[in-house]
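The values are calculated or read from the model by the stated rules, or taken from the named source; none is laboratory data. A quick note: this is a predicted structure, and the numbers were derived from the prediction, not measured. Cβ coordinates were reconstructed from backbone atoms using ideal geometry, including for glycine residues, and neighbour counts include every protein chain displayed. These area figures cover heavy atoms from the full protein model, side chains too; ligands, DNA and RNA do not enter into them. Shrake-Rupley method; radii C 1.70, N 1.55, O 1.52, S 1.80 Å.
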Amino acid sequence: MTVIRLPDGTEREYDQPVTVLDVAASIGKGLARAALAGRLGGKLVDVTTIIENDCELTIITEKDEEGLEIIRHSCAHLLAHAVKELFPDAQVTIGPVIDNGFYYDFSYKRPFTLDDLAIIEKKMVEISKRNLEVTRNVWERSDAILFFKNQGEHYKAQIIESIPGDEDVSLYSQGDFIDLCRGPHVPTTSRIKVFKLMKVAGAYWRGDSNNEMLQRIYGTAWTNKVDQKLYLHRLEEAEKRDHRKLGKLLNFFHLQDAAPGMIFWHPKGWALWQQIEQYMRAVLDGNGYQEIRTPQVLDKELWERSGHWENFRENMFTTNSENRNFAIKPMNCPGHVQVFNQGLRSYRDLPLRLAEFGSCHRNEASGALHGIMRVRAFTQDDAHIFCTEEQVLEEVVKFTDLLQVVYSDFGFDEVLVKLSTRPQKRVGSEEQWNKAEAALEAALNKKKLVWELQPGEGAFYGPKIEFSLKDSIGRVWQCGTLQLDFSMPGQLGAEYVSEDNTKHVPVMLHRAILGSLERFIGILIENYAGALPLWLSPEQVVVMNISKSQVNYAREVVCHLREEGIRVCIDLRNEKINYKIREHSLQKLPYQIIVGDEEVRTQSVSVRGRSSSDLGRMSLVSFIERLKKEIFEKSA
């Protein structure tokens, strides 16, 4: 007798071994038709898996998160099947699930084109409609290697050869197509109905630039057409908001090969940068932080003592001078400890909050660079809080309060929180890690924040809390971090004199709110589609004349605005006013002032808002009051 416990707590008994699909059918025909897989004792399995012992079972359908992942994984195999039918000489390599879809890498004698993708997608639809049964078979390792070599699939043979141990491997077949996979998969190809191939890109075999360049075909798959349509619409919106295109259109910055991964800021872009930096500086000053500045280049020996040389060396730019080896700093923490170490510190000095707009460099792979979002030279709104163990909880709570205020001012009200615990590669004792993880968890719970656990994702020197923002089209951006470090201060000789006149090592909190200022600016540009709030806009107002007779008055208006601290530009070109309005609208300026003869006569201004709304004629005093109120409130 086999007893199977279901998620609702009920139990079912069977006189003989049954499959997952049999159990689903015994519950109801509708569930049997909907079943994609099963979760058996915490492990996902195919519906054809035979159950011989008592267990807990959940039937997975397309309504479950795992169901959508199984559909996407199966769709990757459907893609490979279609490519092999259309291009028999192509070799298939790997095809995992990714966010919102999947990809599959192929080796082929010529590049795939967009026309090829359309043909492949059509073939995928055809194979889906064949309703082929998808079956799993376990092969001996040597037989599987020989099979794929005989098929000319040398990459598949290499994958099997690289799997540790001597265990057998599972192969899935649908019709004549056989592929290596752990599974599970949908029971038939007809269960894969809503999908689209998106693009093709290059990818090195095993991610190594010394290996062959493969062709990676990306696709997306969903359980229904409505969800796919919404996703494709979000992609269209993201394309319109691409910070690289808008940065060029708005004349904020540019990038060029002379400085890969580094940004050339133009006046308007730098004005935006300055607004953010000045805002953050005021926030830090009002919350007990002291701003410092530390060197860009530090001796290798310091990085060895901090642990960065062993754990972060591949990402560091290095140089040498007079037989000494140096590294350009990839982060600011060792330098901040050196500032703490100057002079004798007392417990009365703690907590000590040291902040820096720290310029850092990291040797990111060229293929990973992306506009101003992923760069090699960046500036962090970095700070380190030196405190006692007893002060940790209060400092973490204060930081989360501060962070939420800052994000709200920038227009982000939905913040996602994750706690990342000890990674496999780390420094410090287990006791230190236990204390650090418990302290961060306690702080999050005290604030009653909803948070998600990320096991093994902490920094090498301590666990961390990650804060992510959700933007106006639903994308999530990880920005803020707080890391609790019991290790590095001691490694770098940091001490303070306690109340009992003995020396102790301080705890160090590494924290950033915006993270990389460059990346945060990219996020802002995309969130607002370039139409930045008034308080952030590099140019807040443009003043335009209709004819030459208003030139002097237009200049007077500009002077008054500048005296009130408004960032204003003037357009006195001999062009039609409609042309000027249209051109400045494309630049997404918040306000346009138009002055004609009537405005000169009445000493007023005509105002247009960014949304093409005509706000009418008003006095300059009234307009300035409106601007100041909007800036103060940081209205979006």
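Select from the range 431-441 the residues that are touching a Leu at 6+ places or on another chain (Cβ under 7 Å) and under 22 Å from E495 (Cα atoms) and write down the one among them that is least open to solvent (accessible area, probe 1.4 Å). Looking at residues that are touching a Leu at 6+ places or on another chain (Cβ under 7 Å) and under 22 Å from E495 (Cα atoms), I get A436.
Screening E556 on (1) in a helix (DSSP H, G or I); (2) open to solvent by less than 30 Å² (accessible area, probe 1.4 Å) shows it passes everything except condition (2).
To keep it simple, each residue is scored yes or no on (1) assigned to a strand (DSSP E or B); (2) open to solvent by 30 Å² or more (accessible area, probe 1.4 Å); (3) farther than 30 Å from E236 by Cβ.
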{"site": "A443", "(1), (2), (3)": "no, no, yes"}
{"site": "G456", "(1), (2), (3)": "no, yes, yes"}
{"site": "L469", "(1), (2), (3)": "yes, no, no"}
{"site": "G474", "(1), (2), (3)": "no, yes, no"}
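Would the range 577-591 turn up any residue that is in a strand (DSSP E or B) and open to solvent by less than 60 Å² (accessible area, probe 1.4 Å)? Yes, some residue in the range 577-591 is in a strand (DSSP E or B) and open to solvent by less than 60 Å² (accessible area, probe 1.4 Å).
Selection of the range 184-197 for residues being in contact with an Asp or Glu (Cβ under 6 Å, 6 or more places away or on another chain) and open to solvent by 20 Å² or more (accessible area, probe 1.4 Å) yields only T188. In the range 142-183, of all residues being within 24 Å of I127 (Cβ to Cβ) and of a type in the set (D, E, K, R), the one that is farthest from the chain's Cα centre (by Cα) corresponds to D176. So which residues in the range 115-129 are open to solvent by 70 Å² or more (accessible area, probe 1.4 Å) and without any contact (Cβ under 8 Å) to a residue 60 or more places away in the chain? Scanning the range 115-129 gives D115, I119, K122, E126.
Restricted to the range 247-288, and to residues there that are of a type in the set (D, E) and in a helix (DSSP H, G or I), the residue that is least open to solvent (accessible area, probe 1.4 Å) is E277. Screening the range 1-83 for strands (runs of 3 or more DSSP E) wholly inside it with 1 or more residues that are in contact with a Phe, Trp or Tyr (Cβ under 6 Å, 6 or more places away or on another chain) and open to solvent by less than 20 Å² (accessible area, probe 1.4 Å) returns the ranges 2-5.
Taking the range 479-520 as the range and being in contact (Cβ under 8 Å) with a residue 60 or more places away in the chain, open to solvent by 20 Å² or more (accessible area, probe 1.4 Å) and within 22 Å of S420 (Cβ to Cβ) as the test, the residues that pass are Q491, S516, R519. Checking the range 11-32 against the condition returns no match, with no residue being touching a Lys or Arg at 6+ places or on another chain (Cβ under 6 Å) and touching a residue at least 24 places away in the same chain (Cβ under 8 Å). In the range 305-342, the residue that is nearest to P423 (Cα to Cα) out of those that are open to solvent by 10 Å² or more (accessible area, probe 1.4 Å), among the aromatic types (F, W, Y) and not in a loop (DSSP other than H, G, I, E, B) is F312.
Kindly establish whether R136 is under 37 Å from the mean Cα position of the chain (by Cα) and exposed (fewer than 13 other Cβ atoms within 10 Å of the Cβ).
Spelling it out, it is not the case that R136 is under 37 Å from the mean Cα position of the chain (by Cα) and exposed (fewer than 13 other Cβ atoms within 10 Å of the Cβ).
Within the range 618-634, track down each residue that is under 16 Å from L536 (Cα atoms), out of contact with any Leu (no Cβ under 6 Å at 6 or more places or on another chain) and either of a type in the set (V, I, T) or open to solvent by less than 40 Å² (accessible area, probe 1.4 Å) (or both). Result: L627, single match. A residue that is modelled with pLDDT of 95 or more, in contact with an Asp or Glu (Cβ under 6 Å, 6 or more places away or on another chain) and within 19 Å of D46 (Cα to Cα) cannot be found anywhere in the range 158-168. Each residue in the range 406-428 was checked for being among the aliphatic types (A, V, I, L, M) and either more than 28 Å from I525 (Cβ to Cβ) or free of Cβ contacts under 8 Å to residues at least 12 places away in the same chain (or both), and 2 of them qualify.
Is there a residue in the range 91-100 that is within 20 Å of L36 (Cα to Cα) and among the polar types (S, T, N, Q)? Yes, there is a match, as at least one residue in the range 91-100 is within 20 Å of L36 (Cα to Cα) and among the polar types (S, T, N, Q).
Scan the range 204-215 and give yes if some residue there is more than 22 Å from the chain's Cα centre (by Cα), within 27 Å of L132 (Cα to Cα) and surrounded by 13 or more Cβ atoms within 10 Å (Cβ to Cβ), otherwise no. The answer is yes; a qualifying residue exists.
Evaluation of K448 against the conditions (1) of a type outside the set (A, V, I, L, M); (2) closer than 21 Å to L350 by Cβ; (3) part of a loop (DSSP other than H, G, I, E, B) shows that the sole unmet condition is (2).
Here G286 fulfils each of the conditions (1) more than 23 Å from R519 (Cα to Cα); (2) in contact with a Phe, Trp or Tyr (Cβ under 8 Å, 6 or more places away or on another chain) apart from (2). Just give me the residues in the range 594-617 being open to solvent by less than 40 Å² (accessible area, probe 1.4 Å) and part of a strand (DSSP E or B), in sequence order. Listed by number, the residues that qualify are I594, V595, S604, V605, S606, V607, G609, G616.
Of the residues that make up the range 526-549, is at least one part of a helix (DSSP H, G or I) and free of Cβ contacts under 8 Å to residues at least 24 places away in the same chain?
Looking for residues that are part of a helix (DSSP H, G or I) and free of Cβ contacts under 8 Å to residues at least 24 places away in the same chain, one finds none in the range 526-549, hence no.
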